[in-house]
Amino acid sequence: MDDLIYTLKQQIIEALNLEDMTPEDIDENASLFGEGLGLDSIDALELIVLMEKNYGIKLKDPSQGKEIFKSVAVMADFIQKNRTK
Amino acid sequence: MGDKQMIVRVSDNIISPLGMSTAENYTAVKAGHSELKRRDGLWQLPEPFTASLMDREMVNEIAAQQHIDERYTFFEKMIILSAAKALEQTHIDPASDKVLFILSTTKGNVFLLDKRETGFPSERVLLGVAARQMSEYFRNPNTPIVVSNACISGVCAQIQAMRELESGHFDYVVTVGADVQSAFIVSGFQSFKALSVDPCKPFDANRTGLNLGDAAATIIYTKKDKVTDNDWVACRGAIRNDANHISGPSRTGEGSYRALRAVLGDTNPEKLAFINTHGTATLYNDEMESFAIERAGLSNVPVNGLKGYYGHTMGAAGILETILSMQAVDDNNILATRGFETIGVTHPLVLSNENKPTDKRAFIKLLSGFGGCNVALLMAKGGVS
Amino acid sequence: MMRHEVYITTNEVKVDGKVLSHNENGSALLTELYRAHVGDYPKFFKMDTLSKLGFVASELLLQAEGAPRFEPREDRAVVFFNRSASLQADTAYQETIQDPNNFYPSPAAFVYTLPNIVTGEIAIRNKYFGETSFIVMEHCDESIMARELQNAFLDPMTQSILGGWLDCTDENHFEANLFLVEKSHVPCSEVSCQQLNESTNNN
């Protein structure tokens, strides 16, 4: 699980062009949107693509993202349970 | 209005899946027709989508009759045909240096970026080069101007035309708006989760997104000292930014409200037959527009939206929807908002899915788009006094 | 009012005619300029090259102007011109859909496939609620740009324009010639295409 969290942090940094950040800078329990990493609606859409591309997970309803993208830890947990690749 | 010269429509045309002339399009819309259809597997796209698309073979045949042959892309055929059909109703010599062509488009020949597309020089993907195909067809000596302001381009192009005439540089401006759909555009909107798989439902409680459509539309404008009661006058236009987000509209309708306020000026809202909205049927756009209209004090003016007939025709939308709104006022009619059933925005609007009578002679056209841009245009038959 | 102008190409930066020293070229130059002269706007890294170019050039321009910043205003328009529209972003997005076996359309790439997004980026940064517009033409033409800038002042709200040429064909080929122009000022003298057309021809 820790490996997945670390990989996921790397993938998020790359996909969202978080240029000045390293995986160590991201607290896996902190909120991704709003106060935490300060991501916005386009980032949320890009995270949906990230999950499909890297883990074969297709979100049927984009509003599911609200729950799944709470934090890196929540996202990793969802990926572990639902991944197809 | 005193001695001030006014900007007046000379002629217009719409080419869409509903017809090849303004009259055919208006008749079809008034009767509630639409060519919005579900497309499965089209252009090898993995997800289905609903769109209003031209019969490309038919366009090729009609274009060929006017010597618009295979040297031209489908997009170029559409813009040349629409301009030609608007010009043929007039005595304007398009080869005159007092005539300017303005093109409104967002993506032009973007399909040429697909590595599988061959047969056209790659420079035709440049919007200025595509526009030159049109101006050269008409032997016009002036460099055509392309307005590319996302979804608001079609109204921006008309404001541009008004300014070119007002500053005395040209006698006529041929304002052409067009976009043709492709895998590029559809997949992009799909990635934004902005498309509805079913026909769109503007302002409806159950709206789930927009549809896309092919169209080209043209309005020719000129300047007149004295207008008659039947002249359509482009009175005022304004472009304003939300300064908020590059893809999401301002929740408070900031830019749209400011544009509305600027074009309304001291015009009495009682004179407005309707406000023709952007009305894309996305959750945020329609909500935003309802707020902007309320803030501008126009909640009692009827509103409508035409995306339920054509989908979002992007660069064409502002011109196509302005033309149909002029037709509707000419016909003492407020066109129905097709797809709308139950109000689904929090700020009050006067909306209907049936045609309604009106005896008023002016309307406001609204659009909003990516980049936080918003535009409003006040059109009045006989001008506003 | 003093005239302010910023000129940036792949390997040259000038502010009000004075050369600004730098180490990098191409897209790395834009990042270098951002780090050296801005630094507090991480959204920069999400932008396409056209927006990065316009953003950095407008920052240098507004720093040269020296007026108070970030106050909401509606009286300043942003009006840009170019030849290539959003070609770099279009090409980047096309790459995400070119291969049917690796078909993952990127929303973050798609949003930049419109040239006017950069005008929105600058409006957001500076709280400009005024007109924003993008005009595309086949070649840089001084007389047309001057005409269009004068036309833009026909909106009675607009008192000044942050405008000029802003073109980008790919990550390493771009050119910006931005300036601030006031309503009272005749903009004809502001616009020079000579340098730009020469460098376009060299591409």
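The values are calculated or read from the model by the stated rules, or taken from the named source; none is laboratory data. Note that the structure is predicted; figures quoted are calculated from it, not measured. When we count neighbours, we look across all protein chains shown, and the Cβ atoms used for this are built from the backbone with ideal geometry, even at glycine. Each accessible area value is taken on the protein alone, full model and side chains, heavy atoms only, with ligands, DNA and RNA left out. Shrake-Rupley method; radii C 1.70, N 1.55, O 1.52, S 1.80 Å.
What is the sum of charges around B:Lys356, taking Lys and Arg as +1, Asp and Glu as -1, for the other residues whose C-beta is under 13 Å from the C-beta of B:Lys356?
-1
Would you mind getting the accessible area per residue of the protein assembly as shown, heavy atoms of the protein chains only, 1.4 Å probe, in Å²? Mind showing how you got there, number by number?
Working: 25100 Å² over 673 residues.
That works out to 37 Å² per residue.
How large is ³J(HN,Hα) for each residue in the stretch C:159-174, as worked out from phi by the Karplus curve 6.51 cos²θ - 1.76 cosθ + 1.60 (θ = phi - 60°), to whole Hz, x for Gly and Pro?
Using θ = phi - 60°, the values come out as 10, 8, 10, 8, x, x, 8, 8, 10, 8, 9, 7, 4, 10, 10, 7 Hz.
Near the amide H of B:His312, under 5 Å away, which other amide H atoms are found, from residues 5 or more places off or on another chain, if H is placed in the peptide plane?
Hits under the 5 Å cutoff: B:Asn211, B:Leu212, B:Gly213.
Would you mind counting up the charge near B:Lys307? Only other residues with Cβ under 11 Å from its Cβ, with Lys and Arg at +1 and Asp and Glu at -1. If you can, show how the numbers build up before the last one.
On the way: positive: B:Lys201, B:Arg207, B:Arg338; negative: B:Asp286, B:Glu321.
Net charge in that neighbourhood comes out at +1.
In the protein assembly as shown, what percentage of the DSSP-assigned beta bridges are antiparallel, given to the nearest 5?
Numbers: 67 of 100 bridges.
Among the beta bridges of the protein assembly as shown, antiparallel pairing accounts for roughly 65 percent.
Rounded, prolate or oblate: pick one for chain B, where a ≥ b ≥ c are the square roots of the eigenvalues of its C-alpha gyration tensor, a/c under 1.5 means rounded, and failing that, prolate if a/b is larger than b/c, else oblate.
Values: a/c = 1.56, a/b = 1.07, b/c = 1.46.
Because a/c hits 1.5 or more and a/b fails to exceed b/c, chain B counts as oblate.
With a sphere of radius 12 Å drawn around the Cβ of B:Met326, what net charge do the other residues whose Cβ falls strictly inside it have (Lys, Arg +1; Asp, Glu -1)?
Working: positive: B:Arg9, B:Arg361, B:Lys365, B:Lys381; negative: B:Asp12, B:Asp231, B:Glu321, B:Asp330, B:Asp331.
With Lys, Arg at +1 and Asp, Glu at -1, the net is -1.
Are there any residues in the stretch B:369-385 with a reduction of at least 10 Å² in accessible surface when going from the isolated chain to the assembly of protein chains? Probe 1.4 Å, please list them by number.
So the qualifying set is B:Phe370, B:Gly371, B:Cys373.
Which aspartates and glutamates have a Cα lying under 18 Å from the Cα of B:Lys115, excluding residues fewer than 8 positions away in the same chain?
B:Glu123, C:Asp90, C:Glu95, C:Asp99, C:Asp170
Probe radius 1.4 Å, ligands and nucleic acids ignored: give me the carbon and sulfur share of the accessible area of the stretch C:1-121 as a rounded percent.
Whole-percent figure for carbon plus sulfur exposure: 49.
Mean-square fluctuation check for chain A, GNM, Cα pairs under 10 Å: which of A:Gly38, A:Gly65, A:Gly56 is largest?
Result: A:Gly38 has the largest fluctuation of those listed.
What distance in nm separates the simple spin-label points at B:Glu270 and C:Ser143, each placed 7 Å from Cα in the Cβ direction?
5.0
Who wins for biggest fluctuation among B:Ser247, B:Ser148, B:Ser135 in a Gaussian network model of chain B, springs between alpha carbons below 10 Å?
So, out of B:Ser247, B:Ser148, B:Ser135, the one fluctuating most is B:Ser247.
Using Cα springs under 10 Å in a Gaussian network model of chain C, which residue among C:Gly17, C:Gly26, C:Gly163 shows the largest mean-square fluctuation?
In the Gaussian network model the winner is C:Gly17.
Taking a cut-off of 23 Å, what percent of all Cα-Cα pairs in the stretch C:22-142 are separated by more than that? Can you show the working numbers first?
Values: 2739 of 7260 pairs.
Above the 23 Å cut-off, the stretch C:22-142 has 38 percent of its Cα pairs.
Compute from the Cα atoms of chain A the Rg and the Dmax, the latter being the longest Cα-Cα distance, and quote both in angstrom.
When restricted to the Cα atoms of chain A, Rg and Dmax are 11.6, 32 Å.
Would you please give the residues with an amide H less than 5 Å from that of B:His33, counting only those at least 5 places away or on a separate chain, with H modeled from the backbone geometry?
Sorted by chain and number, the residues that satisfy this come to none at all.
Filter the cross-link list B:Lys77/B:Lys98; B:Lys77/B:Lys307; A:Lys53/A:Lys85; A:Lys85/C:Lys46 down to pairs whose alpha-carbon distance in this structure exceeds 18 Å.
Values: B:Lys77/B:Lys98 24 Å; B:Lys77/B:Lys307 23 Å; A:Lys53/A:Lys85 9 Å; A:Lys85/C:Lys46 28 Å.
Checking Cα-Cα distances, B:Lys77/B:Lys98; B:Lys77/B:Lys307; A:Lys85/C:Lys46 exceed 18 Å.
Can you give the accessible area buried between chains C and B, summed over both chains, with a 1.4 Å probe, in Å² to the nearest 100? Don't skip to the answer; put the middle values down first.
Working: alone 10090 and 15510 Å², together 21170 Å².
About 4400 Å² of accessible surface is lost on pairing.
Taking θ = phi - 60°, what integer Hz values does the Karplus form 6.51 cos²θ - 1.76 cosθ + 1.60 yield along the stretch A:71-76, in sequence order, with x for Gly and Pro?
Karplus-based 3J(HN,Hα) across the stretch A:71-76 equals 7, 4, 5, 5, 5, 5 Hz.
Just how far, in whole angstrom, is the stretch B:28-52 from the stretch C:123-179 if you go by their alpha carbon centroids?
One Cα centre to the other: 36 Å.
Pop out the carbon and sulfur fraction of the accessible area of the stretch B:6-224 as a percent, whole number, probe 1.4 Å. Write down the numbers at each step before the final one.
Details: 3550 of 7410 Å².
Reported share for carbon and sulfur atoms: 48 percent.
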